[in-house]
1. Distances from B:A5 to the same position in the other copies: list them in nm, one decimal, shortest first, using label points 7 Å from Cα along Cα→Cβ.
2. Quick one: what does P(r) look like for segment B:1-138 with 10 Å bins over all Cα pairs, in whole %?
3. Arrange A:Y4, B:Y78 by Cβ neighbour counts within 10 Å, fewest through most, would you?
4. Give the relative contact order (percent, whole number) for segment B:107-208; include only Cα pairs under 8 Å separated by 6+ residues.
5. Quick one: Karplus J couplings for segment C:62-71, per residue in order, coefficients 6.51, -1.76, 1.60, θ = phi - 60°, nearest Hz, x for Gly and Pro?
6. Across segment A:126-138, in residue order, what do the Karplus-derived ³J(HN,Hα) couplings come to in whole Hz, using 6.51 cos²θ - 1.76 cosθ + 1.60 with θ = phi - 60° and x for Gly and Pro?
7. Given charges of +1 on the Cβ of Lys and Arg and -1 on the Cβ of Asp and Glu, with all other atoms neutral, how large is the dipole of segment C:1-57 about its Cα centre, in debye to the nearest 20?
8. Taking a label point 7 Å out from Cα toward Cβ, give me the nm distances from B:R53 to the same spot in the other copies, shortest first, one decimal.
Amino acid sequence: MILYALSLVGVAVFAASGALAAGRKRFDWIGVGVIAVVTAIGGGTLRDLLLDRHPIFWVADPAYLWVIVAGAAGTLVYVHFRRPPDSLLLIADALGLAFFTISGAQVAEQQGLPGVAVVVMGAITGTAGGVLRDVLCNEVPLLFGPMDTLYATAAIAGATAYLALQAFGVERTSSALAGMAVVAALRLAAIVWRLRLPAVRVREETPR
Amino acid sequence: MILYALSLVGVAVFAASGALAAGRKRFDWIGVGVIAVVTAIGGGTLRDLLLDRHPIFWVADPAYLWVIVAGAAGTLVYVHFRRPPDSLLLIADALGLAFFTISGAQVAEQQGLPGVAVVVMGAITGTAGGVLRDVLCNEVPLLFGPMDTLYATAAIAGATAYLALQAFGVERTSSALAGMAVVAALRLAAIVWRLRLPAVRVREETPR
Amino acid sequence: MILYALSLVGVAVFAASGALAAGRKRFDWIGVGVIAVVTAIGGGTLRDLLLDRHPIFWVADPAYLWVIVAGAAGTLVYVHFRRPPDSLLLIADALGLAFFTISGAQVAEQQGLPGVAVVVMGAITGTAGGVLRDVLCNEVPLLFGPMDTLYATAAIAGATAYLALQAFGVERTSSALAGMAVVAALRLAAIVWRLRLPAVRVREETPR
């Protein structure tokens, strides 16, 4: 099943991104492993908990955890000897975000949820792992802050495109592929051209 | 249904408080939106997960998410031009806390849980959203620290009063209203008179 | 039931460790109580949520919450007058870790999960409460960092030993006791001899 293979690649990529973040905090092996696991399965786990889907995707299928351990270990060995391949990781992460967002939206769609909940579930599936990674590293989640290059925005836009295309009569698989393309393209464009959402402004003082 | 309308007002108020906290951290629009959502639905979601109530209250009913988005957007527009109406927000937040605490306690009560679990569930429903907001903003949760003006204390006191009144034979709706009054009154009194619980003291050194 | 008594002792110990951590942050009484509760029940609650076991262990049985409140209150009274008995607490915490890890692994085993998921569930049950404690105190979780003395390592090793012994034909109760001994011994040895896992190294600069 091609979807299953893609989801394994996706968790491996997210595990690598988690392992790298934890390594930069100088965590030990276990800390790196925990962060890799949380980054890779956090979004899907939260989706499954919120939608009451059991067993949770990685609980009954050991392949996910082994792939994460392998991905994290491979990352550690690589970055011990060479600089992290940051550009490659960003591209892989954008593809992982695209895949998880749309697959999360599809799961919510199959349960007959309203559109706004489908988009939220897609965004949660794609991004919650990274948010948990940052919380456990005791940092402000990257995707909230001024350094964020449209991470959650890309997920929301892609899931919305997926639903909108279906509403216009486009077939489901084509809509899914187009939704993934929107996520990945928006995210990569944001990285290349440093696109950012403006920070919010709160007026604290009465102007004189 | 008046309870449903109240719960929508409650999530709108909590969304405004979350949007304001995130705006003060200079998050971007998405960050503000995420924090608003988490603040507004975090407590009820945790309650529903812990009590295995599905679908979770906002998953099947899109009104909640739309009200949150509207509340957060309205807050952002307002604070772009004028200083935040802090006093008004504190009063609204106290009412939201009162409503969510007692409604959370009622849900636990209907499942036949023991009294201490009813109180804990009420307090979780009322306060967990704010704790999640602070964790995601990478701050020590307000309600744990020396600046806390009886936030969780008010929730625990109100839920306890709700149960105690029923134990003394007071009818359920009256007990609920009285419980809400206890929460709101205690919280507002604590704000006005700066009431605080004492900080705990840990003796680290042996006295000479 | 001896297992039930052990689990109550375990939550009391974890509650004491949480109360002490929160007291050192100068939280107020409620903050200390919340951290004590989260530390004591966090791991088991996450396990029950992930495995869809309801009612969650402390929801239906009020004894757990009362024991936690008593453990936290007793700790506060003690440390108000005397220095915390850190060595005693570390030993008790190692025993709590051992008990919760193996009992968590047994729960996962009874659901027929694959071995790697059993080990992960054991480690989650034993350690997640402490991670939540650190996140809520706005600190990098102790067990990820360079100061960690094999906390999660001990849990993973003990749960693995429990499974391995059974695979070699050792009877279940004996395997459980041996697994607990592995956890406690490894943890205490790590504390005494300051054993640590090496921190991970990420090469950021190309060597000249």
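1. Result, one decimal in nm: 5.8, 5.8.
2. 13, 45, 32, 9, 1
3. In order of increasing Cβ crowding within 10 Å: A:Y4, B:Y78.
4. With pairs under 8 Å counted, the relative contact order is 26 percent.
5. These are the phi-based 3J(HN,Hα) values: x, 4, 4, 5, 5, 5, 5, 4, 5, x Hz.
6. My calculation for segment A:126-138 gives x, 10, 5, x, x, 5, 4, 3, 5, 5, 5, 7, 6 Hz in order.
7. For segment C:1-57, the charge dipole is close to 220 debye.
8. 2.4, 2.4
Bear in mind that the values in this text are calculations on the coordinates, not laboratory data. Values in this document were obtained by computation on a predicted structure and should not be read as measured data. Note that we place each Cβ from the backbone using ideal geometry, even for glycine, and neighbour counts take in every protein chain shown.
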